[in-house]
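Take a look at the structure set out below.
The values are calculated or read from the model by the stated rules, or taken from the named source; none is laboratory data. It should be emphasised that the depicted structure is a prediction, and the values quoted were computed from it without experimental measurement. Glycine also receives a Cβ, built like all others from the backbone with ideal geometry; neighbour counts cover every protein chain displayed.
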Amino acid sequence: MKKVAFYTLGCKLNYSETSTISRMFESKGYEKVEFNQNPDIFIINTCSVTENADKKCKKIVREANKINPDGYVAIIGCYAQLKPQEIAEIEGVDAVLGAAEKFQLIDLLDGFVKQPSQKTAKIYNQNIEEAIDYHTSYSLNDRTRTFLKVQDGCDYPCAYCTIPLARGASRSDNIENVIKAAQEIAESGVKEIVLTGVNIGDFGLRNGKREETFLDLVKALDKVEGIERFRISSIEPNLLTDEIIEFVSQSKRFVPHFHIPLQSGSNKILGLMKRRYKRELYVDRVTKIKQLMPHCCIGVDVIVGHAGETDDDFLETYNFLKDLNISYLHVFTYSERENTDALLIKPVVPPNKRSERSKMLHILSDKKRRFFYEQQIGRNFTVLFEEDVENGMMQGFTENYVRITAKYDPILINETKLVSLTLINENMLMEIEEVDVFELH
């Protein structure tokens, strides 16, 4: 029995696909092991959103070669689609599979036999236009929450982004399949599902035609028995409708937590980025959410140092975020990517300025998160406790995404309990009253 190990770089979507591919291996008789347990086969699922992700891929390949010099190394994912030849020339890589091929790797690689005479890796990589099939995917047994893929690809040609080139056109599962997957996940004992995709608000497109909507999906999932929580991972502001917000505000299963990409608080930069909204729409979305769900957590993606961003443009973004009623930021430093329109935009922001701006927004994010946490003190929420234990303490998240800490109790793992939030400790974790006192019945 051959042993196979997996390593995933990048987003929740990648994790859902890696987990699904790993189950395909297990169904064929392979033994799934940890990366350091001398596997016969290494599968590395890559990201290519930033230059750093590419460097990480090369580092993981080197580590695999150290663990087992005779191991078979296959690279899949976005980096593999975008730069197959570059990966094929990395020492120790045996095969590179693009977006249309990664779910066929067991059949394509025929036993995973290394060829000593092979100087560069075999490449299985069609044009991205060929990546038209949709593969239902979800993570399982990897962590307390499950990532359920409902959509893939993107039709939004943002100036800085390579994802349409790496994953192809927008396409979706259908509601019937998603419900079936959610029911399978529920049967495994999972309590929380995170909906993921490249552009999940675009759900419902199949073969270029819209057959269903994301609101249709949300309403259908809300009826699935056995899942206590559904969380929306990230949704574009122009696709987050009033109807979706209103439904989530009344739902018993969809939690009060939205992650909404902004990217810039300057309308000028949003235009250069080719985003499909202006900052005024973003304000409307945040205002609507907070009106209906005052304790809702709102996370924001923002890019600093995009080509064309002046000091004044950045300060406009900073002040916009400072005044906005949001809970935390995910800050990305702009990274030049081949074949993107942003390469044509001037002036280019020097790396040291990008770094300075990133630090400023990280500090602002910490302040926003602390203020949001302070607003929750004294209130009762349910916590889903996770498996990770460190120094005798365990952690979990409330429905509105406050991370809590509590004394380890094995009986609490993967359980939801009603707790009272008491104070924020030095590690920016919320402490709680004794959970047994507030146990749900």
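Given the residues THR398, THR382, which is the only one that is among the polar types (S, T, N, Q) and in contact with an Asp or Glu (Cβ under 7 Å, 6 or more places away or on another chain)?
Selected residue: THR382, the only one of THR398, THR382 that is among the polar types (S, T, N, Q) and in contact with an Asp or Glu (Cβ under 7 Å, 6 or more places away or on another chain).
Please find, within the stretch 193-211, the residue that is modelled with the lowest pLDDT out of those that are charged (D, E, K, R) and under 15 Å from LEU239 (Cβ atoms).
Only one residue fits best here, namely ARG210.
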Qualifying residue in the stretch 139-159 (condition: part of a loop (DSSP other than H, G, I, E, B), modelled with pLDDT of 90 or more and closer than 23 Å to TYR7 by Cβ): yes
Single residue of VAL304, VAL349, VAL331, VAL300 found to be under 20 Å from ARG275 (Cβ atoms), touching a Pro at 6+ places or on another chain (Cβ under 8 Å) and not acidic (Asp, Glu): VAL300
Identity of the residue in the stretch 172-186, at pLDDT 95 or above and charged (D, E, K, R), that ends up farthest from ASP341 (Cα to Cα): GLU184
Residue within the stretch 114-127 that is crowded, with 21+ Cβ neighbours inside 10 Å, more than 25 Å from the chain's Cα centre (by Cα), under 30 Å from LYS66 (Cα atoms) and of a type outside the set (Gly, Ala, Ser) present: no
Residues satisfying the stated conditions in the stretch 81-137, i.e. in a loop (DSSP other than H, G, I, E, B) and among the acidic types (Asp, Glu): GLU89, GLU91, ASP94, GLU101, ASP110, ASP133
Conditions (1) at pLDDT below 95; (2) among the basic types (Lys, Arg); (3) outside the structural domain of ALA307 (by TED's automatic domain parsing); number of the one not met by ARG403: (1)
Exclusive hit being in contact (Cβ under 8 Å) with a residue 24 or more places away in the chain and surrounded by 18 or more Cβ atoms within 10 Å (Cβ to Cβ), set LEU412, LEU418: LEU412
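Quick check: is even one residue across the stretch 152-173 of a type outside the set (A, V, I, L, M, F, W, C), in contact with a Cys (Cβ under 9 Å, 6 or more places away or on another chain), under 30 Å from GLU316 (Cα atoms) and assigned by TED's automatic domain parsing to the domain that holds ASP341? Break it down into steps so the answer makes sense when it comes.
As a first pass, look at the stretch 152-173 and keep what is of a type outside the set (A, V, I, L, M, F, W, C): 152-153, 155-157, 160, 162, 164, 167-168, 170-173.
Keeping just the survivors that are in contact with a Cys (Cβ under 9 Å, 6 or more places away or on another chain) gives 162, 164, 167-168, 170.
Remaining after also requiring under 30 Å from GLU316 (Cα atoms): 162, 164.
Retained after the next criterion (residues that are assigned by TED's automatic domain parsing to the domain that holds ASP341): 162, 164.
Yes, the stretch 152-173 contains at least one residue that is of a type outside the set (A, V, I, L, M, F, W, C), in contact with a Cys (Cβ under 9 Å, 6 or more places away or on another chain), under 30 Å from GLU316 (Cα atoms) and assigned by TED's automatic domain parsing to the domain that holds ASP341.
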Selection from the stretch 266-294 of residues that are of a type in the set (S, T, N, Q) and surrounded by fewer than 20 Cβ atoms within 10 Å (Cβ to Cβ): ASN267, THR287, GLN291
Residue tally, condition in contact (Cβ under 8 Å) with a residue 60 or more places away in the chain, part of a loop (DSSP other than H, G, I, E, B) and touching a Gly at 6+ places or on another chain (Cβ under 9 Å), over the stretch 1-39: 3
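Does PHE112 qualify as being touching a Phe, Trp or Tyr at 6+ places or on another chain (Cβ under 8 Å) and either in contact (Cβ under 8 Å) with a residue 60 or more places away in the chain or among the aromatic types (Phe, Trp, Tyr) (or both)?
yes
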In the stretch 284-319, the residues that are over 23 Å from VAL348 (Cβ atoms) and touching a helix residue (DSSP H, G or I) at 6+ places or on another chain (Cβ under 8 Å): ARG285, LYS288, ILE289, LEU292, MET293, HIS295, CYS296, CYS297, ILE298, VAL300
Selection within the stretch 388-404 - touching a strand residue (DSSP E or B) at 6+ places or on another chain (Cβ under 8 Å) and assigned to a strand (DSSP E or B): ASP388, MET393, MET394, GLN395, GLY396, PHE397, THR398, ARG403, ILE404
Flag for LYS102 being among the basic types (Lys, Arg) and loosely packed, with under 14 Cβ neighbours inside 10 Å: no
